[in-house]
1. Which whole-number percentage describes the relative contact order of the stretch 1-55, with Cα contacts under 8 Å and a sequence gap of 6 or more?
2. Working out 0.36 nm times the residue gap between residue 137 and residue 90, then minus their Cα-Cα distance, what length gain in nm do you get to one decimal?
3. What distance in nm separates the two pseudo spin-label positions at residue 36 and residue 66, each 7 Å out from Cα along the beta-carbon direction?
């Protein structure tokens, strides 16, 4: 084999190592360090752009609270990065306040429960019998 050809093959292998294999190993190492640094209570960004707080961690999955009372389960690899303190634009209160205090205790007892269906007479006025159309031999565009 010609020494010039052999040198070209060696150069291609070395260039391939530095352009493909080494950056991939570096990304894998960073991902491993990220997974090791995560803990419950950390604010993180998921791969879909979802921000949340880690509530529970397993070996393969994490439960992330995305808003008060809403928890989603993700695989651990879906976590892109932890958030810094200044990255959060919105803050959520830990205590949920009632949305409307206009209802008194007497009015809320009059609201239907899950066991009682809401029945309205207005529905009968909206539902009508469908119009029947007799089949003809004429094309539809000439009717």
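Only the coordinates and a few stated rules stand behind these numbers; no lab work does. Just so you know, these numbers come straight off a predicted model, no measurement behind them. Positions of Cβ are backbone-derived with ideal geometry, glycine not excepted, and every protein chain shown enters the neighbour counts.
1. On the way: 20 pairs, mean separation 10.5, N = 55.
Once normalised by length, the contact order is 19 percent.
2. Details: separation 47, 0.36 × 47 = 16.92 nm, distance 6.49 nm.
Once the chain is fully extended between residue 137 and residue 90, it gains 10.4 nm.
3. Those two pseudo-labels are separated by 3.1 nm.
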